[in-house]
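Chemist: Take a look at this one; I'll ask things after.
Any read-out appearing in this document is the output of simple, stated calculations on the displayed coordinates, not a laboratory observation. Bear in mind that the values here come from a model prediction, so they are computed numbers and not experimental data. Please note: Cβ atoms are built from the backbone with ideal geometry, for glycine as well, and neighbour counts cover all protein chains shown.
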Amino acid sequence: MKKPAHTAQTQFQVKDACLQVGGIPLTRLAQRVGSTPFYAYDRTLLSRRVGQLRAVLPQQMWIHYSIKANPMPALVQHMAGLVDGFDVASAGELKCALDSGMHAQHISFAGPGKTDAELAQAVAAEVLIHLESETELERLDRIAMAIGLTPKVVVRVNPDFELKSSGMKMSGGAKQFGVDAEIVPQFLRRIAAMTMDFHGFQIFCGSQNLQSAAIVEAESKTFQLAIELAQHAPRSVRLLNIGGGFGIPYFPGELPLDLGPVADNLQQWMPTLESALPDAHVAVESGRYLVGEAGIYVAKVIDRKVSRGQIFLVTDGGMHHHLAASGNLGQVIRKNYPVAVGNKMSGGNLEIASVVGPLCTPLDLLADKMELEKAEVGDLIVVFQSGAYGLTASPMDFLSHTQAVEVLV
Ligand SMILES: *Cc1c(COP(=O)(O)O)cnc(C)c1O
């Protein structure tokens, strides 16, 4: 049986056996950055991806970018010109979103555990606040009253269904996210009795899904639930955020998500939604699908050693910058990200090698016994699919190495 392979990383071109980022050879880019390790994000690929998604979705739908996937300010600024809204999950991300120039009415603040200070900042900024619990509703009411502004609120619903075959389940059963669907009618009555500007619902089921049938099923159930809940709302629904869950292929054997059936289903729902929720803008929110494939992590080979017959390439980068590629961000069985020797892309002189980082733990592994071009000290190891949940999702201070630089090319 043929071993499952990684989906080819054809979004980046190769010229004279060297990977190109934004038309710049990787070796030149490394000189320009001035140090390794670094993350590089390709702005053309970001634009192209948003354009591709827009081309298949119903034209009246909004695309929101989830800033937690990659909060690099220059990247967020670039995304501000491409998408219809930002979703933030902390005061830090809220600042990043506002700094980009995105209008407050298109910024949504969701997430469990918003502090009083964060709620106050969100009220003052006049962004949409996604309510996650009854006590949060009470705290917000008190805080908004003290400030003297009417808060704009969205109810995040924890539905009674889940997104099947999802990399990360965020709904169904008991969850820290959102208000259980069955108590939403009562929750809406409480909102109606307060001075609050109700905007709509967020129903987000899960993340990193590559099965279009599962997404279609969850979206249809989401629309049914939203229409049902809208009957209890204090006023018409203006925003219906249906999450996204759109995944990207990371591991051998995974194939890109086929958006065709997802788009068809959304298109079919539009007339029903337009009559049941005539004032509602439907938004998909996505992080990794928009930015994940546009980014690479680059580390330099510092040492090449052979231990009992196994080749190790020791690099200056590792899990402290890229926890996900090491397999320690939610993977149950460790699998390799797509990795290559970026300055030797000819494919002519392959060997089996493991790529490890400089941390003193066997967990610091970027590639485990992978087929790679034969690399020497000074060569540049590239980890693809690294534009989302990279640097800021990693334990950057672990072992006190230097920080990785991030560049938008
Ligand atoms: C994390 C998160 C997202 C983004 O998930 P991706 O897999 O990056 O698309 C969207 N919405 C909510 C509520 C989230 O918590």
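Chemist: For segment 122-258, evaluate the Debye formula with one uniform point scatterer on each Cα (no solvent term) and list log10 I(q)/I(0) at q = 0.10, 0.11, 0.19, 0.22 Å⁻¹, rounded to two decimals.
Modeler: Reported log10 I(q)/I(0), two decimals: -0.36, -0.43, -1.02, -1.24.
Chemist: Within 10 Å, count the other beta carbons around each residue, average over each peptide in 372-382, 32-42, 6-16, and list them highest first.
Modeler: Ranked by mean Cβ neighbours within 10 Å, highest first: 32-42, 372-382, 6-16.
Chemist: To make sure I understand the rule: partners must be lysines, Cα under 22 Å from the Cα of LYS369, and not fewer than 8 residues away in the same chain. Which ones qualify?
Modeler: Candidates past the 8-residue exclusion: LYS2, LYS3, LYS300, LYS305, LYS335, LYS344.
Chemist: Against the globular-protein guess of 2.2 N^0.38 Å, express the Cα radius of gyration of the chain as a ratio, rounded to two decimals.
Modeler: In units of the globular-protein estimate, the chain measures up at 1.04.
Chemist: Could you give the angle, 0 to 90 degrees to the nearest 10, between helix 212-230's Cα long axis and the longest principal axis of the Cα atoms of the chain?
Modeler: The helix 212-230 is inclined about 20 degrees to the chain.
Chemist: Sticking with this one: How big is D for segment 209-342, in µm² s⁻¹ as a whole number, if Stokes-Einstein is applied with the Kirkwood radius of its Cα pairs at 25 °C and 0.890 mPa s?
Modeler: 133
Chemist: So, one more: If one computes the Cα centroid of segment 172-203 and of segment 57-106, what distance in Å separates the two points?
Modeler: 24
Chemist: With n ≥ 4 as the cut-off for DSSP H runs, can you work out [θ] at 222 nm for the chain, using -39500 (n - 2.57) per run divided by the number of residues, rounded to the nearest 500?
Modeler: -8500 deg cm²/dmol
Chemist: For segment 13-110, just the Cα set please: Rg and Dmax, both in angstrom.
Modeler: 15.9, 48
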